[in-house]
Amino acid sequence: MAFDSRLLTGIGVLVAVVEAGSFVRAADGLGLTASGVSRAIARLEQRVGVRLLHRTARAVSLTDEGRRFYDEVAPLLSGIEDSATRTAGAAARVHGRLRISVDAAVASFILLPHIGRLLDRHPDLEVDIEVRDRLGDLVADGFDLSLRFADPQLPSGLIARRLSTTRVVTCATPDYITRHGRPQHPRDLEAHRCILLRDESAAGRPFGWEFRRDGETVPVLARGRLMVNDTHSLLAGCLSGYGIAQLLEFYIRDRLADGRLVDLFPDWAEETFPLYVFFRSRSLPPAKVCAFLDFVQEEITA
């Protein structure tokens with residue numbers, strides 16, 4: 001037999017009436033009218049097949065059958081309320097294992113330098129970070145979320161939240177500038193050593209370079225005898241002083257601040273990449289996911 005949710009509602013009204021001692025006071029506590037309370041009790045009595053309450057002009061009291069029924073169901077209703085309270089508390093408590101998928105650069109330059117603060121803030125949380133080149137299927141692979149610089153071309157079942165954007169910075173070391181001179185315009189780069197980043201989706205050709213300012217876009221044919229396929233290698237080559245590279249500002253903020261790298265074209269700063277967090281689509285994400293989203297927004301992208 002299917003469960004009738006109205007039965008549980010009626011039991012809750014009965015308990016309220018017994019505790020309040022009258023329909024009127026129970027109605028005030030439940031946010032109902034007195035007639036609404038009376039109808040709920042009548043439906044409950046019809047459902048169980050016995051009269052549960054004696055009704056007088058002054059008060060209400062339980063019948064013998066009503067007392068037996070009340071004594072049996074009141075503890076059960078209290079248990080349901082206690083369970084709901086515990087569940088709500090667990091939903092609000094940040095705990096358990098949070099599985100995150102990121103690419104190597106986001107892991108090294110953005111997430112891992114800050115993740116200790118998240119763990120200190122939530123002592124019952126564990127974080128499992130897995131480096132993957134592509135977003136993949138978060139749901140099938142058991143990940144809670146992914147943090148990436150990417151356009152939100154979403155598979156079904158995921159939500160994308162844009163957290164921030166970062167500039168594409170064309171940079172070199174002071175030593176390189178001393179030895180080869182500083183380019184004054186983006187087109188001057190065609191005469192410089194450029195370190196190229198391979199575009200795996202374009203048959204191994206390097207990513208193109210372009211510069212944007214005030215609505216103007218300048219494409220540059222960057223040339224170089226050194227090409228790499230990951231951000232770590234690109235940064236290492238640039239820091240060696242060999243050549244000029246294009247890197248996301250999020251990855252090199254510290255190195256720009258301490259002078260190890262120089263932003264060659266700060267006025268051409270309109271090319272940006274968005275940072276997205278991808279997570280499973282659900283109306284009430286777990287507390288651990290909400291805590292991570294707040295942490296990234298407050299601590300990393302601030």
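The values are calculated or read from the model by the stated rules, or taken from the named source; none is laboratory data. Given the structure is predicted, the values throughout are model-derived calculations rather than measurements. When we count neighbours, we look across all protein chains shown, and the Cβ atoms used for this are built from the backbone with ideal geometry, even at glycine. Accessible surface areas use protein heavy atoms only, side chains included; no ligands, DNA or RNA. Shrake-Rupley method; radii C 1.70, N 1.55, O 1.52, S 1.80 Å.
Among the residues of region 193-207, at least one is among the hydroxyl-bearing types (S, T, Y), farther than 20 Å from P286 by Cα and not in a helix (DSSP H, G or I). Does region 250-284 hold any residues that are open to solvent by 50 Å² or more (accessible area, probe 1.4 Å) and among the acidic types (D, E), and which are they? D254, D258, D267, E270 - these are the residues of region 250-284 that are open to solvent by 50 Å² or more (accessible area, probe 1.4 Å) and among the acidic types (D, E).
Scanning region 165-187 for residues that are touching a strand residue (DSSP E or B) at 6+ places or on another chain (Cβ under 7 Å) and open to solvent by 40 Å² or more (accessible area, probe 1.4 Å) yields T165, R167, P174, R187.
If only residues of region 83-101 that are within 16 Å of the chain's Cα centre (by Cα) and assigned to a helix (DSSP H, G or I) are counted, the one that is modelled with the lowest pLDDT is A91. If we keep just the residues of region 203-213 that are more than 17 Å from T166 (Cα to Cα) and more than 32 Å from the chain's Cα centre (by Cα), which is most open to solvent (accessible area, probe 1.4 Å)? This residue is R205. Just one of the numbered conditions (1) at pLDDT 90 or above; (2) within 21 Å of S164 (Cα to Cα) is not true of L119: (2). In region 26-46, the residues that are of a type in the set (G, A, S) form Cβ pairs under 9 Å with partners that are open to solvent by 70 Å² or more (accessible area, probe 1.4 Å) and modelled with pLDDT of 85 or more, at six or more places apart or across chains, as follows: A27/T33.
Summed over region 214-241, residues that are closer than 14 Å to T173 by Cβ and surrounded by 14 or more Cβ atoms within 10 Å (Cβ to Cβ) total 7.
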